[in-house]
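Below is one structure, written out as structure tokens, with a few remarks after it.
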Amino acid sequence: MLHSQLTINCRGKLLSLESPVVMGILNATPDSFFDGGKHAEVTAALHRCEAMLKEGAAIIDVGGMSSRPGADIIDEEEELRRVLPVVEAIVREFPDTVISIDTVRSVVARACVEAGASIVNDISAGRLDP
């Protein structure tokens, strides 16, 4: 049987996909259905990021707009205000971390990739850019 190594290049860091990897979810939104906005501030987000990395997360996925049914749609400036400082802080404090940005907006994705994110997690598959 031919064996091929499955990897993804995340800003020069090769992440093996030979076995499942854990993606830690970091909600930088005050109306998260999951954590109720506990990690909306940068300091709290960094503490949660550190904990997830210690628990084995290979990727940290930062999101700033809730996708729960009935959630308010925020403008891109507000979404950037929520996520960009978190991405920048993770890059500064945990420089080897693979960061994913959870957004449906190209402007937010671009800004976060420029700041250090290496994966874009778009639940709309590029079909929605409000």
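The values are calculated or read from the model by the stated rules, or taken from the named source; none is laboratory data. Keep in mind that what you see is a predicted model, and the values were worked out from it rather than measured. Because the Cβ atoms are built from the backbone with ideal geometry, glycine has one as well, and the counts that use them run over all protein chains shown. Just so you know, the surface numbers come from the protein's heavy atoms only, side chains and all, with ligands and any DNA or RNA stripped out. Shrake-Rupley method; radii C 1.70, N 1.55, O 1.52, S 1.80 Å.
Observations on the model:
- For residue 125, the conditions (1) more than 19 Å from residue 8 (Cα to Cα); (2) in a loop (DSSP other than H, G, I, E, B); (3) open to solvent by 40 Å² or more (accessible area, probe 1.4 Å); (4) among the hydrophobic types (A, V, I, L, M, F, W, C) all hold with the exception of (1).
- Test: residue in segment 96-118 that is of a type in the set (Asp, Glu), farther than 23 Å from residue 52 by Cβ and either surrounded by fewer than 23 Cβ atoms within 10 Å (Cβ to Cβ) or in contact with a Phe, Trp or Tyr (Cβ under 7 Å, 6 or more places away or on another chain) (or both): yes
- Scanning segment 51-65 for residues that are under 13 Å from the mean Cα position of the chain (by Cα) and assigned to a loop (DSSP other than H, G, I, E, B) returns 57, 58, 64, 65.
- Criterion: in a helix (DSSP H, G or I) and modelled with pLDDT under 95 - qualifying residue of 78, 114: 78
- Residue list for segment 99-108, filter: under 10 Å from the mean Cα position of the chain (by Cα) and within 18 Å of residue 78 (Cα to Cα): 101, 102, 103
- Filter result (at positive phi and modelled with pLDDT under 75) within segment 20-75: 36, 37
- Within segment 54-79, the set of residues being without any contact (Cβ under 8 Å) to a residue 60 or more places away in the chain, buried (at least 19 other Cβ atoms within 10 Å of the Cβ) and of a type outside the set (S, T, N, Q) comprises 57, 60, 62, 63, 64, 65, 79.
- Those residues of segment 38-50 which are in a helix (DSSP H, G or I) and not β-branched (Val, Ile, Thr), in sequence order: 44, 45, 46, 47, 48, 49, 50
- Filtered residues of segment 88-104 (kept if under 14 Å from residue 64 (Cβ atoms) and in a loop (DSSP other than H, G, I, E, B)): 103, 104
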